[in-house]
Amino acid sequence: MHTRRIGEVEVSAIGLGGMPMSIEGRPDESRSLATLHAALDAGVTLIDTADSYHRDAGEVGHNESLIAKALSTHERGGDVLVATKGGHLRPGDGSWTLDGSPEHLKRACEASLRRLGVEAIGLYQFHRPDPRVPYAESVGAVRDLLDEGKIRMAGISNANPEQIRQAQEILGGRLVSVQNQFSPAFRSSEPELELCDELGVAFLPWSPFGGISRAGELGSSYAPFARVAQAHGVSAHQVCLAWMLAKSPVVVPIPGASRPESIQDSVRAADLVLSAEEIAELDAA
């Protein structure tokens, strides 16, 4: 497995997003544990989660607990950087709400520490800006957690360039990651990716496969991903991840999975080398 860096930590070039294993349509626990173990077997050393990755009201942190169980039952569990998030909530009716108050974030971090069973969280990310709370106050809470040793590294998610620069300033130059939506179908985070490249901050694309399900359709604007995949004898999903990796050395995709086969396919993207012509074709898709 090729590696990249988040802060001073070396991680697998392809991570695993845990959300599909805990929200609506999730598999049973045995399949989820098999998926997580398959990721570890394949060399994945970055797993992304959040306290809001759950389905029902009474199971906040479902995904964090699931990951903790998987890591504790695998010989490579200690090699994994677990990245979790706080500031988003799910009341249990399928909706998402926000609480970026410092009080909530500090309580949420303490609860995540307990569920993950660690003394300090490897990477803690402010999940999404809360319009009711000044951004500086929310990120200030993350800074406090960093200073207190509750978290080892700090990141932000769903941020714009101004917020990235502001977070970097508030954290005293210690911002290590930005997690934004980015995919063939959703490219509006290009400016954030370019800024992360400039700052040397890891960029973690969430929901990276947007548009890929339509790559094989006649006349689809995402057809180049299917054509390149056919030329290499691989899946369009692999091509999508390889395209992202080629954009910048700071990119570390975190594709979600709920089946062992899915993450096993995704990790192969780290070995897929695309030509400059192929990359240009995909950029234009």
Item to check | Any chance residue 131 is touching a strand residue (DSSP E or B) at 6+ places or on another chain (Cβ under 9 Å), at pLDDT 95 or above, exposed (fewer than 15 other Cβ atoms within 10 Å of the Cβ) and over 24 Å from residue 208 (Cβ atoms) | outcome: yes
Checklist entry - Tally time: how many residues in the range 27-51 are closer than 12 Å to residue 80 by Cα, open to solvent by less than 20 Å² (accessible area, probe 1.4 Å) and of a type outside the set (A, V, I, L, M, F, W, C)? => result 1
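Go through the range 213-285 and tell me which helices (runs of 4 or more DSSP H), entirely inside it, have 1 or more residues that are under 30 Å from residue 29 (Cα atoms).
Values: elements: 223-232, 236-247, 260-267, 276-283.
The helices (runs of 4 or more DSSP H) meeting that bar are 236-247, 260-267.
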Checklist outcome for this item: Of the residues in the range 66-116 that are at pLDDT 95 or above and acidic (Asp, Glu), the one that is least open to solvent (accessible area, probe 1.4 Å) is 99
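Taking the condition out of contact with any Phe, Trp or Tyr (no Cβ under 8 Å at 6 or more places or on another chain), within 21 Å of residue 49 (Cα to Cα), modelled with pLDDT of 95 or more and surrounded by fewer than 21 Cβ atoms within 10 Å (Cβ to Cβ), does residue 168 pass? Write out each step before concluding.
Working: out of contact with any Phe, Trp or Tyr (no Cβ under 8 Å at 6 or more places or on another chain): yes; within 21 Å of residue 49 (Cα to Cα): no; modelled with pLDDT of 95 or more: yes; surrounded by fewer than 21 Cβ atoms within 10 Å (Cβ to Cβ): yes.
In short, no.
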Checklist outcome for this item: Per the filter on the range 232-257, residues open to solvent by less than 30 Å² (accessible area, probe 1.4 Å) and under 21 Å from residue 83 (Cα atoms) are 241, 244, 245, 248, 250, 251, 252, 253, 254, 255, 257
Checklist entry - Do we find a residue being in contact (Cβ under 8 Å) with a residue 12 or more places away in the chain, within 22 Å of residue 127 (Cβ to Cβ), surrounded by fewer than 18 Cβ atoms within 10 Å (Cβ to Cβ) and in contact with a helix residue (DSSP H, G or I) (Cβ under 7 Å, 6 or more places away or on another chain) anywhere in the range 186-201? => result yes
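For the range 134-150, which residues satisfy the criterion of being outside any helix (DSSP H, G or I) and more than 19 Å from residue 110 (Cβ to Cβ)? Walk me through how you get there before you give the answer.
Start the filter on the range 134-150 by keeping residues that are outside any helix (DSSP H, G or I), which leaves 134, 148-150.
Answer for the range 134-150, where residues must be outside any helix (DSSP H, G or I) and more than 19 Å from residue 110 (Cβ to Cβ): just 134.
For the range 71-86, enumerate the residues that are part of a loop (DSSP other than H, G, I, E, B) and closer than 16 Å to residue 115 by Cβ.
Kept after step one, since they are part of a loop (DSSP other than H, G, I, E, B), are these residues of the range 71-86: 73-76, 80.
Passing the criteria: 73, 80.
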Item to check | Complete set of residues in the range 202-231 that are open to solvent by less than 20 Å² (accessible area, probe 1.4 Å), of a type in the set (Phe, Trp, Tyr) and within 21 Å of residue 49 (Cβ to Cβ) | outcome: 203
Checklist outcome for this item: Filtering the range 41-55 for residues that are of a type in the set (D, E, K, R) and either at pLDDT below 95 or within 19 Å of residue 13 (Cβ to Cβ) (or both) leaves a count of 2
Checklist entry - Which condition number in (1) under 26 Å from residue 158 (Cβ atoms); (2) in contact (Cβ under 8 Å) with a residue 40 or more places away in the chain; (3) surrounded by 14 or more Cβ atoms within 10 Å (Cβ to Cβ) is the one that residue 24 fails? => result (3)
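Take the conditions without any contact (Cβ under 8 Å) to a residue 12 or more places away in the chain and of a type outside the set (Gly, Ala, Ser) and apply them to residue 48. Does it pass?
On the way: without any contact (Cβ under 8 Å) to a residue 12 or more places away in the chain: no; of a type outside the set (Gly, Ala, Ser): yes.
No: the conditions fail for residue 48.
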Checklist entry - Could you say whether any residue in the range 56-65 is in contact with a strand residue (DSSP E or B) (Cβ under 9 Å, 6 or more places away or on another chain), surrounded by 24 or more Cβ atoms within 10 Å (Cβ to Cβ) and in contact (Cβ under 8 Å) with a residue 12 or more places away in the chain? => result yes
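The values are calculated or read from the model by the stated rules, or taken from the named source; none is laboratory data. Note that the structure is predicted; figures quoted are calculated from it, not measured. Every residue, glycine as well, gets a Cβ built from its backbone with ideal geometry; the counts of neighbours run over all protein chains shown. Side chains are part of the model used for accessible areas, which takes the heavy atoms of the whole protein and leaves out ligands, DNA and RNA. Shrake-Rupley method; radii C 1.70, N 1.55, O 1.52, S 1.80 Å.
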